[in-house]
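Below is one structure, written out as structure tokens; comments come after it.
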Amino acid sequence: MPSSQVLLDAAEARQKALVDEVNHRVKNTLATVQALAHYTLRGPGVSAAVREDFEDRLFALSSVHNQLARERWAGAELGLMIHNLLVPHDLEERVYLNGSPVRLSPKLAVALAMAMQELLTNASHHGALSTPGGHVAVDWRVVEEGAEKVLRLDWQESGGPVVRAPSQGGLGSALLDHAVREELCGTLRLDFAPDGLCCQMSVPLPDDGG
């Protein structure tokens, strides 16, 4: 009769095989979506900016998925997640990250990655990152509010063009709002100060990281 250790090893091997298969299938699905987007969005009437924004959103989703896959979906570290979004655009020297290591659950990591991508896109098109001298400071911390832990993240732009509040929200604002308020049951504040956009997020952070 197999020993308990043999049974445990077999169970772990099955679990690893299952996780690897899920990762493989998700990567294939993302690759298919990217291919469909590549050809579909190159039709007449679709601007280059729309194509680029959509492809960047897909990249953000793929980036955080790869990070989670490397950790076998045990979680993702916040600072590394944001850093990975900056690298393809050579923005590491212009976006300053400041915060202690915070472990995020898969749900929280994906939603925050998409939120950060929207802020990066807006800053690159209209905000501080659209001019050579602009930069962004991203600060985060975990605080206790009663019995609950809360992740507070501040995005502050400076050195860019004069900021003007939009007359109405666009798709990026809607996606940002959806990620923070609806997906994570958090709060979101956007301050369109003339010297730079400030975004403040506050997200409940359960003991398991979200």
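All of the numbers you see were taken from the coordinates with simple rules; none came from a lab. Here the structure is a predicted model, which is why all the values come from computation and not from measurement. Note that we place each Cβ from the backbone using ideal geometry, even for glycine, and neighbour counts take in every protein chain shown.
Pop the C-beta distance of residue 143 and residue 42 into the FRET formula with R0 = 45 Å and round what comes out to the nearest 0.05.
Numbers: r = 46 Å, r/R0 = 1.03.
Using R0 = 45 Å, I get an efficiency of 0.45.
Give, in nm to one decimal, the length gained when the segment between residue 185 and residue 70 is fully stretched (0.36 nm per residue of separation minus the Cα-Cα distance). Kindly include the intermediate steps, with their values, before the conclusion.
Working: separation 115, 0.36 × 115 = 41.40 nm, distance 2.70 nm.
Additional length available on full extension: 38.7 nm.
Seen from all sides and averaged, what is the projected area of the convex hull of the Cα atoms in the range 75-204, in nm²? It would help to have the intermediate numbers written out before the result.
Values: hull surface 30.8 nm².
For the range 75-204, the mean projected area of the Cα convex hull comes to 7.7 nm².
Determine ³J(HN,Hα), in whole Hz, for all residues of the range 147-163 in sequence, where each value follows from phi through the Karplus function 6.51 cos²θ - 1.76 cosθ + 1.60 and θ = phi - 60°; x replaces Gly and Pro.
Per residue, the Karplus-derived 3J(HN,Hα) values read 8, 10, 8, 10, 8, 10, 10, 10, 10, 10, 9, 7, x, x, x, 4, 8 Hz.
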